[in-house]
Amino acid sequence: MSDPSPPADAPRDDRTIALACARFALEKKARDVRLLFVGERLGIAEYFVLATVNNRRQARAVRDGVRLGLKGEGYGVPQAASEDPDGRWSLYDYGGVILHMFDDEGRQFYDLDSVWADVPELELPAFTQPEIAPIMGGDDLDPGTPPSTPPSTSPSTSPSSPRESDA
């Protein structure tokens, strides 16, 4: 197994772009996001960002979120892009960083996780991880427990308050 971190002389801008790419993908609810340092084995890029989406609609949202986010931070737009017509896989080339986005079937079919299993994976900082607890209704929930339903604040939908028509 290789060293768990990229060498100190790896381009910092590429690492920053890769981290931002992962963050923007996570903000659009991509899952299984991984950041791989491929620079010592691949001459065309330093980092691969792998992400899984649920459908084409989410793929477009992630693509646009990453593109606008990186452009907004001054990193420009992809130098190249390729999209599978069936929507199973998309690639966006930001020079030293390549975003590979898959649906579940595409992730399994192309299996880049196994192909690049022996390269270092960068841990994503805590700020890039999606905030699950507030969405689920609390941080003490068992994953098998459904989130609590907030009480209704509308008088017309509350069974304990009479409707105006009942008065």
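Cα-based values for the range 13-124, radius of gyration first and Dmax second, are 12.6, 34 Å. Counting 0.36 nm for each residue step from Asp32 to Ala126 and taking away their Cα separation leaves a gain of 32.4 nm. Full extension of the segment from Ser114 to Asn55, taken as 0.36 nm per residue of separation minus the current Cα-Cα distance, would add 19.0 nm. Rounded to the nearest 0.05, what FRET efficiency do Glu73 and Asp93 give with R0 = 25 Å and r taken as the Cβ-Cβ distance? Could you check? Efficiency, from the Cβ-Cβ distance: 0.90.
Each value in this text was obtained by applying a stated rule to the coordinates, not by laboratory testing. Being a predicted model, the structure only gives us computed values, none of them experimental. Note: ideal-geometry Cβ built from the backbone for every residue, glycine included; neighbour counts use all protein chains shown.
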